[in-house]
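Remarks on the structure that follows.
The values are calculated or read from the model by the stated rules, or taken from the named source; none is laboratory data. Since we're looking at a predicted model, the values are computed, not measured. Every residue, glycine among them, receives a Cβ derived from its backbone with ideal geometry; neighbour counts consider all protein chains shown.
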Amino acid sequence: MNGGSSGDFDRGDAADDDAAIDPFDPSRSQFRAQLRLVIETKVQARAHNRRVGDVLATTDLELAAELRALGFDSERARVLDLLPLIWVAWSDGKIQRNERARILEILRVRGIAPGSSCWDLIETLLETRPSDAYLEAALDALSRLIGNRAATKATVVAMCVEVARASGGIFGIVSSVDPRERRRLEAVAEALGPEAKAELQSALLGRS
């Protein structure tokens, strides 16, 4: 364009510039493809973390990433608070029939159906004992997640006590808590804080 400013775009000049640019180095094509995959994977992971955070009402994406690494996607995050129950149930080295039934009943009450992602995760952890490292990591994540939510902590402890009592007694008449399960209950309450310890003391007072 005649009389145009220096900022004017000249398509003829641009075509000449394009012709002068070297083609993509074919020897680096695999590297570029891998780099694109890494970038896209990170973007998708961040999106997944946000969805997990949305379900758990947290903006801590680092915590959400930890939970995803433990197997809790945006669907399974709904049952994160049941991990302490499983830890307690495994205290004596095996899952009693009544303990399993109690935990699965909680799933049903929450509207979680057999065959769903949440149900399969819980069944997997009930079938074969998870490592202490896994259970401790899940408990630590849960503790950080619920923070100062005293009511949530109390509910988790109350459910743990129900599971611990599920295998005790004779024909359901006498309810008791195995000493090993009691120690595990105390560990859960300690991890969750003062409100949880107060709930545990109240739940076991005169009934252990």
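Residues in segment 58-72 that are part of a helix (DSSP H, G or I) and in contact with a helix residue (DSSP H, G or I) (Cβ under 7 Å, 6 or more places away or on another chain) were compared, and the one that is farthest from Val163 (Cα to Cα) is Leu61. Within segment 73-90, does at least one residue satisfy the condition of being charged (D, E, K, R), in a helix (DSSP H, G or I) and over 19 Å from the mean Cα position of the chain (by Cα)? No, segment 73-90 contains no residue that is charged (D, E, K, R), in a helix (DSSP H, G or I) and over 19 Å from the mean Cα position of the chain (by Cα).
Among the residues of segment 41-57, is there at least one that is in contact (Cβ under 8 Å) with a residue 40 or more places away in the chain, outside any helix (DSSP H, G or I) and among the small types (Gly, Ala, Ser)? No; the residues of segment 41-57 include none that is in contact (Cβ under 8 Å) with a residue 40 or more places away in the chain, outside any helix (DSSP H, G or I) and among the small types (Gly, Ala, Ser).
Counting only helices (runs of 4 or more DSSP H) that sit completely within segment 95-172, those holding 3 or more residues that are under 14 Å from the mean Cα position of the chain (by Cα) correspond to 117-127, 132-146. Residue under question is Arg129, and the condition is that it be closer than 20 Å to Ile95 by Cβ, basic (Lys, Arg), in contact with a helix residue (DSSP H, G or I) (Cβ under 9 Å, 6 or more places away or on another chain) and free of Cβ contacts under 8 Å to residues at least 40 places away in the same chain; does it hold? For Arg129, the condition - closer than 20 Å to Ile95 by Cβ, basic (Lys, Arg), in contact with a helix residue (DSSP H, G or I) (Cβ under 9 Å, 6 or more places away or on another chain) and free of Cβ contacts under 8 Å to residues at least 40 places away in the same chain - is met. If you filter segment 70-107 down to residues that are crowded, with 23+ Cβ neighbours inside 10 Å and not aliphatic (A, V, I, L, M), you find that the one that is nearest to Trp119 (Cα to Cα) is Phe72. If the condition is being hydroxyl-bearing (Ser, Thr, Tyr) and modelled with pLDDT under 80, then segment 1-60 contributes Ser5, Ser6, Thr41, Thr58, Thr59.
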